[in-house]
1. Could you check the spin-label model distance between C:GLU68 and B:HIS61? Points 7 Å from the Cα along Cα→Cβ, value in nm.
2. Which of rounded, prolate, oblate describes chain B, given a ≥ b ≥ c as roots of the alpha-carbon gyration tensor eigenvalues and a/c under 1.5 marking rounded, otherwise prolate only if a/b is larger than b/c?
3. Please give the Cα centre distance for the range B:11-35 versus the range A:15-51, rounded to the nearest Å.
4. For chain A, what is the calculated [θ] at 222 nm in deg cm²/dmol (nearest 500), taking -39500 (n - 2.57) for each run of four or more DSSP H residues and dividing by its residue count?
5. Please report how far the C-alpha centroid of the range A:76-137 lies from that of the range C:78-137, rounded to the nearest whole angstrom.
6. Got the relative contact order for chain C handy, in percent, Cα pairs under 8 Å and 6 or more residues apart?
7. Rounded to the nearest 0.05, what FRET efficiency do B:GLN81 and C:GLU31 have when you use their Cβ-Cβ distance and R0 = 45 Å?
8. At a threshold of 8 angstrom on Cα-Cα distance, excluding pairs fewer than six apart, so keeping six or more, what relative contact order does the range A:64-135 reach in percent?
Amino acid sequence: MKSHTKYLWFNTRKRREYINVTGEVENAVRESGIQEGMVLVSAMHITAGVYVNDDEQGIIHDIDEMLEKLAPYGKAYRHHQTGEDNGDAHLKSLLVHHQVIIPVTGGRLDFGPWQQVYYAEFDGQRKKRVVIKVMGE
Amino acid sequence: MKSHTKYLWFNTRKRREYINVTGEVENAVRESGIQEGMVLVSAMHITAGVYVNDDEQGIIHDIDEMLEKLAPYGKAYRHHQTGEDNGDAHLKSLLVHHQVIIPVTGGRLDFGPWQQVYYAEFDGQRKKRVVIKVMGE
Amino acid sequence: MKSHTKYLWFNTRKRREYINVTGEVENAVRESGIQEGMVLVSAMHITAGVYVNDDEQGIIHDIDEMLEKLAPYGKAYRHHQTGEDNGDAHLKSLLVHHQVIIPVTGGRLDFGPWQQVYYAEFDGQRKKRVVIKVMGE
């Protein structure tokens, strides 16, 4: 069994951003030399998410709008009694999830034609990190 | 380390359907000969989900109703400016998630008594695919 | 490839409880002797969840409040026609997800500074179980 670990850093200009990281994940798989296995892509923060969906600006807008409706920014969350203002980002992270695991087959992401990996920043404008771990043979 | 990869095809009669694939996942594990490991079940489309829950028609109705409330079909999603009409299906996929990973112990799915794997189709009536990947020893 | 499997039992005092299991997951990784790999933490019930987020009582309150808004307890769910009263717990489990998979690097959970693993009980006051499976080398 082989494994390969890699970290991506982000520092978004806006509070919320959705960043396509598919190329980076493909690079990590290539570097690992792993042909058959799985690759885990996981946010290292509790105010960010990782998901697989479409590389299309309209749906990204729709995702953001739905998340903002389900967990609005600026609400008087109990969490804010600690002095934080990012309760919405924790809840958005929970709904989107902080991680995906993708099959690797023949040395490539075993994806359908439209699948792309996204990093979803919900509380940006500071350094944040994602871990990519490939495991297999 | 061994691995085994298998694809399931779906072409649902209705736009939204919930299909129990537990037997297919168990078959893939059996075929792999893997005793200890994990099995990944992942939709290859961005308008479908995979989840673990109950094989009971009432709760399937309730799941569908909740998803339809959170991401209704027919809303004027920004995504529809591309000509598509399936914005709701992308959002439902995001909420349900497109993948599960299940422990394999003693050659079997290490599940509790009521756990079943479901494929959730949110934009059917055409060919769609799921990948099953078993990994272990 | 090595693997190590362990079960945690819960029997909560309240119907809904959120329990930090990070220490137990770290113990399982240590016991496994695995340095590089992944650990899967998965509820064995369809009315419970596992997630990664903050060890802070305010955000736990906010999570519970959001889930109760999206899938309220006591609603006339179709599932209740079977005699059950826990439709909300199934839906909360679906939204939170029943499982997480965490990278293991250098024999430790490859987590950011604030990440903690939680067991989310949505229909407690009886014996429930979580499986932890570590896999790697």
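1. In this crude label model, C:GLU68 to B:HIS61 measures out at 2.7 nm.
2. prolate
3. 26
4. Helix contribution divided over all residues of chain A: -8000 deg cm²/dmol.
5. 17
6. Rounded, it is 53 percent for chain C.
7. After rounding, the FRET efficiency stands at 0.25.
8. 22
Quick note: the coordinates plus some simple rules give every number you see, no bench work behind them. Predicted, not measured: the structure shown is a model, and the values here were computed from it. Cβ: placed from backbone, ideal geometry, glycine included. Neighbour counts: every protein chain shown.
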